[in-house]
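The values are calculated or read from the model by the stated rules, or taken from the named source; none is laboratory data. Because the structure is a prediction, the values reported are computed rather than measured. When we count neighbours, we look across all protein chains shown, and the Cβ atoms used for this are built from the backbone with ideal geometry, even at glycine. Heavy atoms of the whole protein, side chains included, go into the accessibility calculation; ligands, DNA and RNA do not. Shrake-Rupley method; radii C 1.70, N 1.55, O 1.52, S 1.80 Å.
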Amino acid sequence: MALSGTQIFKLLPKTNCGECGVPTCLAFAMALAGGKAELARCRYISEQAKAALTEASAPPIRTVEIGAGAEALKIGGETVLFRHEKSFINKPGLALLLTDAMDEAEIAARVKRFIELRYLRVGQNLKGDLLALKCTTGDPNKFLALLNKVRDTAGAKFILISDQPDILKAGAQALAGFKPLLYAATEANAEAMAAAAKETGCPLTVKAEGLDKLAALTAKLEALGIHDLVLDPGRRQLKRAFEDQVAIRRSALLTKFKPLGFPTIVFPCEMTDDPIQEALYAATFIAKYAGIIVLSDFQGEMLFPLLLARLNIYTDPQRPMVTEPMVYDIGAVNETSPLLVTSNFALTYFIVSGEIESSRIPARLLVVDTEGLSVLTAWAAGKFAGDLIGQAIKRSGVAERMKSRKVVIPGLAAIISGDLEEELGAEWEVLIGPREAAHITPFLKQLCHP
Ligand code: SF4
């Protein structure tokens with residue numbers, strides 16, 4: 001039975017150190033009881049207390065991993081209905097469908113798109129995650145041939161789709177070490193699918209028409225010792241499928257109904273033949289609340305907006321996006337290129353680096369660790385101070401690659417110039433840059449080509 005906040009509090013260290021992200025152990029206990037925090041965020045809990053708290057702190061939706069090692073795709077583990085309550089945790093995996101009835105050229109073209117359609121945004125590599133490999137021929141040899149063709153696809157995790165447990169088992173054995181998701185156990189084949197999942201150690205999808213049947217089937221599979229489950233409520237009309245997603249999430253979170261406490265998989269590829277409509281359906285399920293979304297194909301104009309929507313929805317609103325603190329070379333820099341400084345708030349970095357790039361004047365940009373704060377806020381918080389920036393310049397070793405000893409600081413932080421000069425020493429000259437990023441181009445032109 002779940003513990004109350006007060007019961008959990010009695011098991012915590014009561015030091016109120018705040019390292020778990022909330023100021024007191026009591027606040028953490030309340031968050032745990034409400035399913036809004038993870039036990040792992042407190043590293044001071046004794047093993048004994050940990051064991052007692054595991055049940056109470058288990059996320060109401062199980063986290064399921066597809067793939068192996070650090071690159072595994074995690075789905076589920078969600079603790080809130082709405083992103084503004086805290087944040088969504090594990091972004092839904094986007095899967096590209098391949099069947100063993102496709103010809104070589106079609107498979108090769110799709111795999112090529114899977115590999116090449118990648119986009120760098122705010123320091124993150126946005127891309128699809130899974131190849132959904134479907135046996136439509138019923139021929140195990142053709143299915144295994146498909147698996148062998150795509151098994152080395154860079155960055156791919158796999159879903160194996162067949163209603164034949166033997167075919168899925170052979171597929172999972174052929175992909176040993178990849179830990180694919182098996183699709184799907186139904187009322188008709190549950191025992192055999194459970195045996196295949198158990199033998200191969202792979203997570204298993206459960207498919208049933210309607211939530212009552214689905215819950216009965218997950219309970220049955222759990223009784224058979226299969227716990228890594230993914231839910232497919234079966235319906236392929238947008239309205240019904242959407243309602244199912246919401247009902248599953250609400251049941252798991254609000255009533256702690258364990259048989260539906262698992263991530264889900266949806267198939268926009270089976271809901272429409274129109275690619276634009278399919279993309280819209282997929283966007284709906286990114287918002288609410290799919291764990292995996294299977295698409296009929298990846299096309300840039302369809303995938304890119306989905307990846308961006310996913311990035312936005314699954315960004316933690318409580319944590320600023322950051323860029324790695326280091327010196328970035330923008331353009332073909334040489335020893336005479338100027339050095340500019342900014343904060344590691346991702347948006348600031350991308351605006352400033354974009355302006356430098358469009359000026360076409362090669363420059364170095366030192367990004368200082370301000371814990372994700374923008375320049376002015378970081379300065380007010382003491383994180384964009386002259387001495388800290390001076391130390392960052394020294395640590396970076398950038399001076400060894402520069403002929404001049406000039407550094408440009410943002411106009412908004414002009415007040416730190418004295419402290420920075422003091423930290424760097426007399427050989428350095430601190431220049432005050434523009435207050436607005438939009439004025440960087442004329443500033444650089446004036447600086448480099450007076
Ligand atoms: Fe208490 Fe642990 Fe949080 Fe520290 S990290 S405040 S000890 S719950």
Report summary line: Among (1) in contact with an Asp or Glu (Cβ under 9 Å, 6 or more places away or on another chain); (2) surrounded by 19 or more Cβ atoms within 10 Å (Cβ to Cβ); (3) in a loop (DSSP other than H, G, I, E, B), residue 32 falls short only on (3)
**Report entry** Filter result (open to solvent by 20 Å² or more (accessible area, probe 1.4 Å) and touching an Asp or Glu at 6+ places or on another chain (Cβ under 6 Å)) within region 408-440
**Finding:** 419, 423, 437
Report task. For region 19-29, enumerate the residues that are open to solvent by 60 Å² or more (accessible area, probe 1.4 Å), among the hydrophobic types (A, V, I, L, M, F, W, C) and in a loop (DSSP other than H, G, I, E, B). Result -> none
Query raised in the report: What about residue 191, is it modelled with pLDDT of 95 or more and acidic (Asp, Glu)?
Result: yes
Requested in this report: Answer yes or no: is there a residue in region 256-266 that is more than 27 Å from the chain's Cα centre (by Cα) and either without any contact (Cβ under 8 Å) to a residue 40 or more places away in the chain or not assigned by TED's automatic domain parsing to the domain that holds residue 305 (or both).
Outcome: no
Query raised in the report: Got at least one residue in region 174-181 being at pLDDT 95 or above, outside any strand (DSSP E or B) and buried (at least 24 other Cβ atoms within 10 Å of the Cβ)?
Result: yes
Requested in this report: Can you confirm whether region 36-55 contains a residue that is among the charged types (D, E, K, R) and part of a strand (DSSP E or B)?
Outcome: no
Query raised in the report: Which number in (1) out of contact with any Gly (no Cβ under 8 Å at 6 or more places or on another chain); (2) free of Cβ contacts under 8 Å to residues at least 60 places away in the same chain; (3) farther than 21 Å from residue 320 by Cα; (4) open to solvent by less than 30 Å² (accessible area, probe 1.4 Å) marks the one condition that residue 378 misses?
Result: (3)
Query raised in the report: What pairs come up if the first residue lies in region 179-194 and is farther than 12 Å from residue 208 by Cβ, the second is outside any helix (DSSP H, G or I) and of a type in the set (D, E, K, R), and their beta carbons are under 6 Å apart, counting only those six or more places apart or on different chains?
Result: none
Report summary line: In region 5-18, residues that are near the ligand (Cβ under 7 Å from one of its atoms) and either open to solvent by less than 60 Å² (accessible area, probe 1.4 Å) or β-branched (Val, Ile, Thr) (or both) total 4
Query raised in the report: Which condition number in (1) of a type in the set (Ser, Thr, Tyr); (2) open to solvent by less than 50 Å² (accessible area, probe 1.4 Å); (3) more than 26 Å from residue 246 (Cβ to Cβ) is the one that residue 272 fails?
Result: (3)
Report summary line: Across (1) modelled with pLDDT of 95 or more; (2) touching a strand residue (DSSP E or B) at 6+ places or on another chain (Cβ under 8 Å), residue 119 clears everything bar (1)
Query raised in the report: Within region 74-85, which residues are touching a helix residue (DSSP H, G or I) at 6+ places or on another chain (Cβ under 9 Å) and open to solvent by 20 Å² or more (accessible area, probe 1.4 Å)?
Result: 83
Query raised in the report: Which of the following residues is modelled with pLDDT under 95, near the ligand (Cβ under 10 Å from one of its atoms) and small (Gly, Ala, Ser): 58, 49, 2, 29?
Result: 29
**Report entry** Selection from region 357-375 of residues that are within 29 Å of the chain's Cα centre (by Cα) and under 15 Å from residue 409 (Cα atoms)
**Finding:** 365, 366, 367, 368, 369, 370, 374, 375
